[in-house]
Amino acid sequence: MQQETPFLRSINVVFDASEPERIGHYEPTSKAIAFLQGVSGHSDSRAFFVIAPYGSGKSISATYLLQLVENRKHAWTTLEAVGQRLQRVEPQLGDFAQKRLAHGNIHGVVIALEGAIQDVGLAIRDAACASLQRLGMQDLAQALKQIDASGIAGALAVLDYLKDKSTLSKSEPCQIDRVVLLWDEFGRHVEQLIRNGHPQRLADIQTLAEYAARTQKLPVTLGLLMHQGLLQYATGLSQSMLGEWRKIEGRFEPIQYVDDSRELYRLIGNIIDTQKPRELSLSHSDKHIADRALEVGLLTDLEGELPDLLSRAYPLHPAALHILPRLAARAAQHERTLFGFVLSADLEQSVTPEHLYDYFAVAMQADTGVGGTYRKWLETESALSKVDDKLEARALKTASILELGLSGERSRVSRSLLEFALGDTPKSKRTIDQLIERKLLLHRRRSDQVSLWHGTDVDLRSRLEEELARLEGDFDILALLNKEFRPSVWRPVRYNDKYSIRRYFECEYIPAQDLISSNSGSTQSCAQADGRVLYVVPQNEKDYDAACQAALNNDDPLTVIAVPSQMIDIRAAAAELICLTRMQDDEALLAEDPLISTELQQMLDETQIHLHNQLTRLTQPGFEALWFNGGEALHITDRADLLTTLSDICENLFRSTPVIKNEMIVRHKPSPQLVNARRKVIMGILERHGEERLGIAGEYADASIFRTVLSNTGLYTKATDGEDVYVYKQPTDLKDPALAEVWQKFRDLLTIPDEQPKDLAGFFSELAAPPYGMRDGVMPILFAAALKAFPSALSISDEKGNYLEDLLPRHIESICRQPSAFTLRVMMLDSETRRYLINLGEVFGADFFRASDLIRAVYDGVEAWRVKLPPGALDTSEVPADVRGLQHSLSGEVSPVQLFFHRFPQLAGVDTKDYDGIVRWAASATSRLASVVDRYRESILATVDDNLRLITDAALDSSTMARFERWRQTIPQYVRKQLSGLAKAVLTLPLARFSDDYAFADALAAIVAEKKPQRWTDSDLVRFRNNFAALVGQIETQALALDSDHPPSAEGRAAIAKLYTNRIETLMGNLSQLIGHSDAQAQLRHLIDQTEEAKHGDSG
């Protein structure tokens, strides 16, 4: 040993290869012998997995082996010192080391690798060149550098070159007698393969192992140094890939580089001896414990010194002492946790294997990799959940931790060992029997092995293979990927920041055949996404070239296509995912073992991780995929390149997007709260146009929308004439060219007349498409503002043709959301048309004050006039046909343009350009409709006259009310008292209150028809006529009926006589009209004669 060499905390086999003095302090121990013998070529195997925990000294052992194999003169002093120490530990290996120094011209090439490597072939070539240069073989190294060593084929070419240049001839000054490949921190390379989605590349290592096993001329050995077993790195692998890794693992012989040497046990004993209370020691009477420990197979290598060791290590139980180093190496970080346990243990009581389980349980639970300790922990916890007795729980924990600590050794947990670990008491033996009987422990009597029993041992891997066979590849892999593993969207960050918008490219997996079979090479864009990223999934190797050519033929500028540069393991992993999901739903399978569900979930998680890693190779920018856009190949090597490319695409295609700095409203689907705030802004636009801030108070969401969309953009500003009025700017006055272009589009839509309806759907689609790319959220605001900013002769009707009389926020939003359901018409208004509209508006009393839309102002006047009409005006049939046409037009939902320029001329019977004729007709028709009440009154008076025609002594020119009064006077007072209800109300009507017949008619209508003529329709007139005739008949019948019990007074008799006389006169007049005056007279005389005869007959 070179005492002057400073002690190094760590050794790096690559960095320290040229400095042999850095291993001068190396002390070979028994744990290193198997490693040194195997990798140096002194065993039948040629490929080794060297599994060593952190800090175990594997790197310094590997560096010593490098110096020994290369056998450089510069290292002889160090090698001689270390060789002497090696001689004491392993004489045979020490002899090899000394003989190698004696033959100074014998050298070996050591290919030293470290950590994760991108290209195995290139790394092996460079490491071999470095070794040759250290050996002074510069020519060989220079020639080796010229070899194309890419990939595994290149690695084999390097080894072939070294084999060809080796010689065993004694005439050669330098002989290469072996090649050793030392790969330190190989686990990091395995982790990188998994992380990058290339677990299949581990097959390269298998190829190297097979090469080494078949090489006879020159010994080639591989030593791959890891911190844990290969399968413990296999987190996130599919079950099929895991099976491949198991095959690879079988090509290597494992070397457990675990320090369970005497030195370590002595160190543990010394630490405990110094930490425990002085009064604690193993009594001489208990020295038989050492014999009992040897009997059950514990610490057999320490037989001579075992009693003293156990005494110093007391109160640590011999079983716990035996398994502690191996358990720590497997479950945690070797000495760091080993000594952590020793220093944290309560040394005032016995420390048993149960305490080891409690201490390492957390680490066991976290070790979820394949081959890890998670399953053992799960089995133990499942068993513990079925017991309540403390001794039973202790027995289960002890059996579990002993089984874990002894795994990998020839010894097993025997019945006697478990009894010894539990104290060798009768009670502990009975407890073991009970656990075996309850099938919580399994005792294989033939091999005398005790282990945890956790139910039926189900071979889930075989079940999975059966499911895969049944599946037979008949499933839609793309549907599964797009549903369960849909890739995240990509956002052009730079563009979005610049334009204050949230554009994104939606991502989707597509089969290669879909891209190849596309005739046009274009792809359909998504409804809301601004573009798409298509990840092509090839079915086989032949798809690659065809997919790349199809991607070049695709000319859609908003579609980015990614084609993997090599086959990726997607289909197999997806099939496993489907099968494992089916197995999870198999209740019969789950019932076989309570742990199956948990293990299936773990397998499913691993498969999902593996599939995700494979898909990441395609979806994450790098060298794993080729990228295309617009028929060109893209240079994309990382995420930044892709984001830059997407921003470039958007800046080229969406160059005319207005900058509106409110991402909450500039989106396709604003939140319900923002939609409500947007409606408030639209209401302000429609109802409070011209006011400051549109009358919006406070600083809520609606104020934010107004400020960002209308105020900050310069659309809505204060008028320049100094008045306190706000107006909308014209497109030419806006600072943002893109906003000015969009604003001009709105102006053209609303102001340029067209004989055909405007294409609203096309208009909004144009604004949503490049180069504008407007978002749906802001469209209603701009449309409502444009209606106020650009007044014109327009009309908007819905899909049923109904004119939207009063535009509300919900109408504006509906128009923008479903423009094809609405019709927008814009008319040309020349001077004659404007004059016509003004004259027509005056007929209906329209208000033109500050009217921005002349047609709407006239229509509003028509609506206001129609509302004031009595109900009967739109119902009466007592009008000419043209006026009835006006009634129907006013009752239906007709657009102003259709009404004023088509329907009115048709009703007036004039040409559509005869504006004066239309106005004259409108004035006449409206007058007829407005006078319907007077016609109802005339009909009421006529009805009264018709029913009171018996009154003949009234002057012909007297009013109807006067004749009505003469008729009432013919009704005796006692009759009035006998009547009630409407009849009495009619007879007692206070005529003195009415100034004329119309007032009288209104009052009489209110009694007979129960409402005045102002509220009548034609049906009310009919009802009045019938009711009044019935009332008159009722009154007169009552008056003409003589009551002998109540004879009328003299005045009453005179009134009744008058009533009879009036009726006779009326009947005679009617009879004269029917048969002639003379015949009527004759009939009257005959009637009188009959009456006289009857009277004389009664008197005789």
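The values are calculated or read from the model by the stated rules, or taken from the named source; none is laboratory data. On a predicted model such as this, the values are computed, not experimentally measured, just so you know. Note that each Cβ is placed from the backbone with ideal geometry, even for glycine, and that neighbours are counted across all protein chains shown.
Might you check whether a residue that is under 23 Å from ILE682 (Cα atoms), under 57 Å from the mean Cα position of the chain (by Cα) and at pLDDT below 85 occurs anywhere in the stretch 861-884?
We begin by selecting, within the stretch 861-884, every residue under 23 Å from ILE682 (Cα atoms); these are none.
No, that holds for no residue.
Out of (1) charged (D, E, K, R); (2) part of a helix (DSSP H, G or I); (3) surrounded by fewer than 16 Cβ atoms within 10 Å (Cβ to Cβ), what's the single condition that is false for ASP754?
Going through (1) charged (D, E, K, R); (2) part of a helix (DSSP H, G or I); (3) surrounded by fewer than 16 Cβ atoms within 10 Å (Cβ to Cβ) one by one, ASP754 breaks only (2).
Does GLY622 fit the bill of being in contact (Cβ under 8 Å) with a residue 60 or more places away in the chain and more than 30 Å from ASP459 (Cα to Cα)? Lay out the reasoning, then the answer.
Details: in contact (Cβ under 8 Å) with a residue 60 or more places away in the chain: no; more than 30 Å from ASP459 (Cα to Cα): yes.
Against the criterion (in contact (Cβ under 8 Å) with a residue 60 or more places away in the chain and more than 30 Å from ASP459 (Cα to Cα)), GLY622 does not qualify.
Can you tell me which residues in the stretch 788-816 are part of a helix (DSSP H, G or I), in contact with a Pro (Cβ under 7 Å, 6 or more places away or on another chain) and not β-branched (Val, Ile, Thr)?
Residues of the stretch 788-816 that are part of a helix (DSSP H, G or I), as a first pass: 788-789, 809-816.
Checking the rest, the ones that are also in contact with a Pro (Cβ under 7 Å, 6 or more places away or on another chain) come to 812-813, 816.
Scanning the stretch 788-816 gives GLU813, CYS816.
In the stretch 43-66, is there at least one residue being surrounded by 19 or more Cβ atoms within 10 Å (Cβ to Cβ), over 18 Å from GLU253 (Cβ atoms), modelled with pLDDT of 90 or more and touching a helix residue (DSSP H, G or I) at 6+ places or on another chain (Cβ under 6 Å)?
yes
State whether one or more residues within the stretch 114-129 are in the same structural domain as PRO28 (by TED's automatic domain parsing) and over 59 Å from the mean Cα position of the chain (by Cα). First the steps, then the outcome.
To start, the set of residues in the stretch 114-129 that are in the same structural domain as PRO28 (by TED's automatic domain parsing) comprises 114-129.
In the following step, the residues that additionally are over 59 Å from the mean Cα position of the chain (by Cα) were identified as none.
No, the stretch 114-129 contains no residue that is in the same structural domain as PRO28 (by TED's automatic domain parsing) and over 59 Å from the mean Cα position of the chain (by Cα).
Condition check: buried (at least 17 other Cβ atoms within 10 Å of the Cβ), modelled with pLDDT of 85 or more, over 38 Å from the mean Cα position of the chain (by Cα) and not aromatic (Phe, Trp, Tyr). Does GLU354 satisfy that?
In short, yes.
Name the residues in the stretch 31-46 that are touching a Pro at 6+ places or on another chain (Cβ under 8 Å) and either aromatic (Phe, Trp, Tyr) or at negative phi (or both), would you? I'd like the intermediate steps shown before the answer.
Here is the first cut: in the stretch 31-46, the residues touching a Pro at 6+ places or on another chain (Cβ under 8 Å) are 36, 41, 46.
Listed by number, the residues that qualify are LEU36, ARG46.
Just to confirm my filter: which helices (runs of 4 or more DSSP H) fall fully inside the stretch 524-614 and include at least 2 residues that are basic (Lys, Arg) and not assigned by TED's automatic domain parsing to the domain that holds GLU379? Write out each step before concluding.
Numbers: elements: 543-553, 571-584, 587-591.
Qualifying helices (runs of 4 or more DSSP H): 571-584.
Quick one: in the stretch 856-885, which of the residues that are within 25 Å of SER1019 (Cα to Cα) and touching a Phe, Trp or Tyr at 6+ places or on another chain (Cβ under 6 Å) is surrounded by the fewest Cβ atoms within 10 Å (Cβ to Cβ)?
By that ranking, first place goes to TRP865.
Take the residues in the stretch 212-226 that are out of contact with any Phe, Trp or Tyr (no Cβ under 8 Å at 6 or more places or on another chain) and either of a type in the set (A, V, I, L, M) or on the phi > 0 side of the Ramachandran plot (or both); name whichever of them is surrounded by the most Cβ atoms within 10 Å (Cβ to Cβ).
Taking the stretch 212-226 and keeping what is out of contact with any Phe, Trp or Tyr (no Cβ under 8 Å at 6 or more places or on another chain), we get 212-219.
Narrowing the set further to residues that are either of a type in the set (A, V, I, L, M) or on the phi > 0 side of the Ramachandran plot (or both) leaves 212-213, 218.
Values: ALA212: 21, ALA213: 15, LEU218: 19.
Per the stated criteria, the residue is ALA212.
Give me the pairs: first residue in the stretch 629-648 and more than 19 Å from ARG617 (Cβ to Cβ) and modelled with pLDDT under 95, second residue acidic (Asp, Glu) and assigned to a loop (DSSP other than H, G, I, E, B), beta-carbon distance under 8 Å, and six or more apart or on different chains, which are they?
Matching pairs, first to second residue: GLY630/ASP555; GLY630/ASP556; GLY631/ASP555.
Quick one: how many residues across the stretch 738-758 are over 27 Å from MET683 (Cβ atoms), of a type outside the set (Val, Ile, Thr) and modelled with pLDDT under 95?
Residues of the stretch 738-758 that are over 27 Å from MET683 (Cβ atoms), as a first pass: 738, 741, 752-756.
This time we only want the ones that are of a type outside the set (Val, Ile, Thr), so: 738, 741, 753-756.
Pick out the ones that are also modelled with pLDDT under 95 and you get 753-756.
Going through the stretch 738-758 one residue at a time, the tally reaches 4.
Inside the stretch 14-42, can you point out the residues that are touching a strand residue (DSSP E or B) at 6+ places or on another chain (Cβ under 6 Å), among the β-branched types (Val, Ile, Thr) and surrounded by fewer than 23 Cβ atoms within 10 Å (Cβ to Cβ)? It would help to see each step written out before you state the result.
Pass one, the stretch 14-42, residues touching a strand residue (DSSP E or B) at 6+ places or on another chain (Cβ under 6 Å): 14, 17, 34-35, 38-39, 41.
Still in the running and among the β-branched types (Val, Ile, Thr): 14, 39.
Passing the criteria: only VAL14.
Any residue in the stretch 268-285 that is surrounded by 14 or more Cβ atoms within 10 Å (Cβ to Cβ), in a helix (DSSP H, G or I) and at pLDDT below 85?
no
Can you go through LEU782, LEU794, LEU787 and tell me which one is closer than 24 Å to ARG503 by Cβ, surrounded by 20 or more Cβ atoms within 10 Å (Cβ to Cβ) and not hydroxyl-bearing (Ser, Thr, Tyr)? Walk me through it before giving the result.
Values: LEU794 fails: closer than 24 Å to ARG503 by Cβ; LEU787 fails: closer than 24 Å to ARG503 by Cβ.
Just a single option satisfies the conditions, and that option is LEU782.
Assuming ASP1079 fulfils every condition listed in (1) part of a helix (DSSP H, G or I); (2) of a type outside the set (A, V, I, L, M, F, W, C); (3) at pLDDT below 80 apart from one, which condition is it?
ASP1079 satisfies every listed condition except (3).
Among residues belonging to the stretch 640-697 that are of a type in the set (Lys, Arg) and in contact with a helix residue (DSSP H, G or I) (Cβ under 8 Å, 6 or more places away or on another chain), point out the one that is surrounded by the most Cβ atoms within 10 Å (Cβ to Cβ).
Keep residues of the stretch 640-697 that are of a type in the set (Lys, Arg), which gives 655, 661, 667, 669, 678-680, 688, 693.
Those left that are additionally in contact with a helix residue (DSSP H, G or I) (Cβ under 8 Å, 6 or more places away or on another chain): 655, 661, 678-680, 688, 693.
Details: ARG655: 14, LYS661: 13, ARG678: 25, ARG679: 17, LYS680: 19, ARG688: 14, ARG693: 18.
Checking each candidate, the answer is ARG678.
Looking at the stretch 964-973, can you tell me whether even one residue there is over 60 Å from the mean Cα position of the chain (by Cα), closer than 15 Å to PRO1013 by Cα, surrounded by 16 or more Cβ atoms within 10 Å (Cβ to Cβ) and at pLDDT 80 or above?
First, the residues of the stretch 964-973 that are over 60 Å from the mean Cα position of the chain (by Cα): 964-973.
Add one more test, that the residue is closer than 15 Å to PRO1013 by Cα, and what stays is none.
The answer is no; no qualifying residue exists.
I need the full set of residues from the stretch 210-228 which are of a type in the set (Lys, Arg) and either in contact with a strand residue (DSSP E or B) (Cβ under 9 Å, 6 or more places away or on another chain) or part of a helix (DSSP H, G or I) (or both), in order please. Please lay out each step first, then the result.
Taking the stretch 210-228 first, the residues of a type in the set (Lys, Arg) are 214, 217.
Within the stretch 210-228, ARG214 is the sole residue that qualifies.
Restricting to the stretch 124-151, name every residue that is surrounded by 20 or more Cβ atoms within 10 Å (Cβ to Cβ) and closer than 22 Å to HIS198 by Cα.
Residues satisfying the conditions are ILE124, ARG125, ALA149.
Would you check if HIS902 is closer than 19 Å to SER797 by Cα, part of a helix (DSSP H, G or I) and out of contact with any helix residue (DSSP H, G or I) (no Cβ under 9 Å at 6 or more places or on another chain)?
Working: closer than 19 Å to SER797 by Cα: yes; part of a helix (DSSP H, G or I): yes; out of contact with any helix residue (DSSP H, G or I) (no Cβ under 9 Å at 6 or more places or on another chain): yes.
In short, yes.
Looking for whichever is modelled with pLDDT under 95, assigned to a loop (DSSP other than H, G, I, E, B) and either assigned by TED's automatic domain parsing to the domain that holds TYR495 or in contact with a Phe, Trp or Tyr (Cβ under 6 Å, 6 or more places away or on another chain) (or both) here; the options are GLY698, GLY622. Which one fits?
Numbers: GLY698 fails: either assigned by TED's automatic domain parsing to the domain that holds TYR495 or in contact with a Phe, Trp or Tyr (Cβ under 6 Å, 6 or more places away or on another chain) (or both).
Answer to the check: GLY622.
Among (1) closer than 20 Å to ILE838 by Cβ; (2) exposed (fewer than 15 other Cβ atoms within 10 Å of the Cβ); (3) not polar (S, T, N, Q), which single condition is HIS888 missing?
If we test HIS888 against (1) closer than 20 Å to ILE838 by Cβ; (2) exposed (fewer than 15 other Cβ atoms within 10 Å of the Cβ); (3) not polar (S, T, N, Q), just (1) comes out false.
If TYR726 passes every condition in (1) in contact with a His (Cβ under 9 Å, 6 or more places away or on another chain); (2) at pLDDT 90 or above but one, which one does it miss?
Every listed condition holds for TYR726 apart from (2).
Only one of PRO771, PRO809 is touching a residue at least 12 places away in the same chain (Cβ under 8 Å) and under 24 Å from LEU653 (Cβ atoms); which? Before the answer, list the steps.
On the way: PRO809 fails: under 24 Å from LEU653 (Cβ atoms).
The match here is PRO771.
Could you run through the stretch 519-543 and say how many residues are at pLDDT 80 or above, touching a Ser or Thr at 6+ places or on another chain (Cβ under 8 Å) and either over 23 Å from MET567 (Cα atoms) or not aliphatic (A, V, I, L, M) (or both)?
Counting residues in the stretch 519-543 that are at pLDDT 80 or above, touching a Ser or Thr at 6+ places or on another chain (Cβ under 8 Å) and either over 23 Å from MET567 (Cα atoms) or not aliphatic (A, V, I, L, M) (or both) gives 3.
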